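Data first, discussion second: the structure below is written as structure tokens.
The values are calculated or read from the model by the stated rules, or taken from the named source; none is laboratory data. Predicted, not measured: the structure shown is a model, and the values here were computed from it. Because the Cβ atoms are built from the backbone with ideal geometry, glycine has one as well, and the counts that use them run over all protein chains shown.
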Amino acid sequence: MNTDKKVIVITGGAGGIGQTCARVFKNNPLIITDYSQESVDKTVASLIKEGYQATGIACDITDKKDVDKLVDFTSKTGELKALIHTAGVSGTVQDLKKVFTIDLIGTDILMNAFHKLATKDSVAVLLASMMAHVVPANETYDKALSNPQAPDSFEIVRPFVNNSSDMMYNFAKRGVILLSHKYVDAWGAKGARVVTVSPGVIETPMSLKAAEEHPERMEIIKQATPLKRNGKPEEVANVIGFLASDAARFITGTDILVDGGVIHNIKKMEHV
Ligand SMILES: NC(=O)c1ccc[n+]([C@@H]2O[C@H](COP(=O)([O-])OP(=O)(O)OC[C@H]3O[C@@H](n4cnc5c(N)ncnc54)[C@H](O)[C@@H]3O)[C@@H](O)[C@H]2O)c1
């Protein structure tokens, strides 16, 4: 992929999709960031061993000071090409507030902070989920999802999710797509793009954990997938590599589903 040898920052860089994304960018300096320094160091060491140019810094994306440190580290490393934001938790974290905070507020904090590093042809690629597409539009919660750092946002969204962290995950991911709409003009004014990617079931530690908790549901989803299989991290990473490249330079403010075509069938089901 032609990405000008500028810096690629990958949040959740020690995770399943994050690590695979790193390997798409052979010619760019990579900044791997994740929650724990240990997992960052391990990932950076294996990337360097494989011939990639990688450095790393730990960052809790829900902590503004940590994110400021990441922005500072990035600006000292080089010019920003892409912020690839894969850090997140699934609904298996049975804490509604935690899911909302990590998946949605964390994304808002990052997008705010990285705006100052965006220049012509930079891009932010945010990981949403196909499950964002099962949440219908609604004036009340959409406003809260678009402004997740407002003090009452979580309480506005909470009554809509029936105490289910899986459902909160779907709402938070709808929020990620809404955030891409919120930031697209400010990034566009600098010639930079914002895109979301909505994976289906991709075989990573996150989905394997979900599969352990809901084996029947995972089987139903597989059978409902036109391609009759789950996705592989490479199948998401290659799309992200394209979106980060100049070949995608007129794609912004939109969501790309990478789900094997399953979401349309899921929407027809009552309970999944
Ligand atoms: N795997 C799937 O089937 C699937 C499907 C749809 C969407 N997604 C989305 O894709 C993204 C990546 O998923 P994955 O499968 O690679 O998950 P993963 O669990 O393998 O990786 C996620 C990474 O995020 C990091 N993280 C969590 N909280 C953090 C925090 N507060 N600060 C910094 N880092 C934090 C974790 O340490 C982990 O390394 C997630 O946003 C996920 O919601 C995944």
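Side notes on the structure shown:
- Of the residues making up the stretch 111-130, none is more than 26 Å from TYR35 (Cα to Cα), in a helix (DSSP H, G or I) and at pLDDT 95 or above.
- A search for C-beta distances below 8 Å between a residue of the stretch 205-230 that is at pLDDT 95 or above and any residue that is among the small types (Gly, Ala, Ser) and assigned to a helix (DSSP H, G or I), counting only pairs 6+ apart in sequence or on different chains, returns ASN230/SER207.
- Residue that is crowded, with 21+ Cβ neighbours inside 10 Å and over 30 Å from ASN162 (Cα atoms), where the choices are ILE10, ILE17: ILE10
- Pair list, Cβ under 9 Å, 6 or more apart: the stretch 167-180 residue among the aromatic types (Phe, Trp, Tyr), other residue not in a helix (DSSP H, G or I): TYR169/GLY88; TYR169/VAL89; TYR169/SER90; TYR169/GLY91; TYR169/THR92; TYR169/VAL93; TYR169/SER129; PHE171/VAL135
- The criterion of being within 17 Å of THR20 (Cβ to Cβ), among the small types (Gly, Ala, Ser), modelled with pLDDT of 95 or more and under 17 Å from the mean Cα position of the chain (by Cα) holds for ALA82.
- Selection from the stretch 42-63 of residues that are away from the ligand (no atom under 15 Å from the Cβ), surrounded by 13 or more Cβ atoms within 10 Å (Cβ to Cβ) and assigned to a loop (DSSP other than H, G, I, E, B): TYR52, GLN53
Rundown of residues vs (1) within 11 Å of the ligand (Cβ to nearest atom); (2) within 20 Å of GLY253 (Cα to Cα); (3) surrounded by 18 or more Cβ atoms within 10 Å (Cβ to Cβ); (4) in contact (Cβ under 8 Å) with a residue 24 or more places away in the chain, yes/no style:
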| position | (1), (2), (3), (4) |
| --- | --- |
| THR86 | yes, yes, yes, yes |
| GLY106 | yes, yes, yes, yes |
| ALA137 | no, yes, no, no |
| ASN162 | no, no, no, no |
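- The residues of the stretch 145-184 that are assigned to a helix (DSSP H, G or I), closer than 18 Å to ASN112 by Cα and over 19 Å from the mean Cα position of the chain (by Cα) amount to a single one, SER153.
- Annotation note: of VAL67, VAL71, the sole residue that is touching a Leu at 6+ places or on another chain (Cβ under 8 Å) and more than 10 Å from the ligand (Cβ to nearest atom) is VAL71.
- Whichever residue in the stretch 32-41 is assigned to a helix (DSSP H, G or I) and within 11 Å of the ligand (Cβ to nearest atom) and, among such residues, is surrounded by the most Cβ atoms within 10 Å (Cβ to Cβ): VAL40
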